[in-house]
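Undergrad: Structure in C-alpha cells, see below.
The values are calculated or read from the model by the stated rules, or taken from the named source; none is laboratory data. Note that this is a predicted model, so its numbers are computed, not measured. FYI the Cβ positions are ideal-geometry reconstructions off the backbone, even for glycines, and counts take in every protein chain you see. Quick note on the areas: whole protein, heavy atoms, side chains included, nothing else; ligands and nucleic acids left out. Shrake-Rupley method; radii C 1.70, N 1.55, O 1.52, S 1.80 Å.
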Amino acid sequence: MRSAFAFAVSLLVVSAAAAARAEPPKLAVFDLEMIDTSLQGEVSGPRSDEQARLLRAGDQVRKELADSGKFRVLDIAPVNAAAHGSNLQACGGCDVKLAGELGADLVMTGVVQKVSNLILNINLYLRDVHSGQLLAAASADMRGNTDESWSRATDYLVRNRLLAPNYGAPQTR
C-alpha cells in the first residue's frame with residue numbers, strides 16, 4: 001500500500017515538473033494599424049509621427065509579453081511585408097494564415113482609432129491560430145496624441161488586461 005502511494009506521489013511530482021517545463025505558447029504580434037477618422041487625417045493623410053508610434057507600440061507589446069515569460073514571441077520579419085500590405089482587421093483571417101506560416105499558436109493584432117488629436121483608442125485582439133477563434137480583446141482610451149500617451153495606454157493594456165490573472169474568465173458576482 002505504501003509503495004503504491006509513494007509511486008502515485010512520485011508520478012504527480014514528475015508530471016508537475018514536466019508541466020512546469022512546458023513551452024509557453026508561440027505568439028505572433030503584428031504591428032498595429034491606424035483607423036483615422038479625424039478631419040486632420042482626412043485632409044492631410046497619414047502622419048509620420050503616428051506611423052512611428054504604431055511601430056513602437058507593436059515593439060512594446062512584443063517586448064512586454066516576451067518579458068512576462070507567458071509567451072514565446074516570434075519574429076514576424078518573414079511575413080511583415082505581407083502583413084503591412086493587408087488590412088489585418090478586415091482581411092478574412094489573413095492574420096491567422098500569416099501567423100500560421102510562422103508556426104505560431106496565437107496571433108495578436110491591434111488598431112488605434114483616431115477621432116482627433118485629443119481622442120484616440122487602442123484595441124488589441126488575441127486569436128487562436130489553430131481555430132481562428134477570438135480569445136481576448138482589450139481596449140483603452142488615450143487622451144492626447146503623444147509618445148507618452150501611446151506608451152502608457154499600451155503598457156496598461158498589456159499589464160492590466162492581457163497579463164492580468166483570469167483576464168477573459170467569466171466574472172461572478
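Undergrad: Relative to the compact-globule scaling 2.2 N^0.38 Å, provide the ratio for the alpha-carbon radius of gyration of the stretch 44-166.
TA: Normalised by 2.2 N^0.38 Å, the Cα Rg of the stretch 44-166 equals 1.04.
Undergrad: Send over a whole-number figure in Å² for the accessible area per residue of the stretch 43-150, probe 1.4 Å.
TA: 49 Å²
Undergrad: Can you list the aspartates and glutamates whose alpha carbon sits under 12 Å from that of Lys97, skipping same-chain ones fewer than 8 residues off?
TA: Qualifying aspartates and glutamates at Cα under 12 Å: Asp105, Asp128.
Undergrad: Using label points projected 7 Å from each Cα along Cα→Cβ, tell me how many nm separate Thr146 and Gln89, to one decimal.
TA: Here the answer is 2.5 nm between the modelled labels.
Undergrad: Counting only protein heavy atoms, what percent of the accessible surface of the stretch 22-173 is carbon or sulfur at a 1.4 Å probe?
TA: Numbers: 4220 of 8150 Å².
That fraction is 52 percent.
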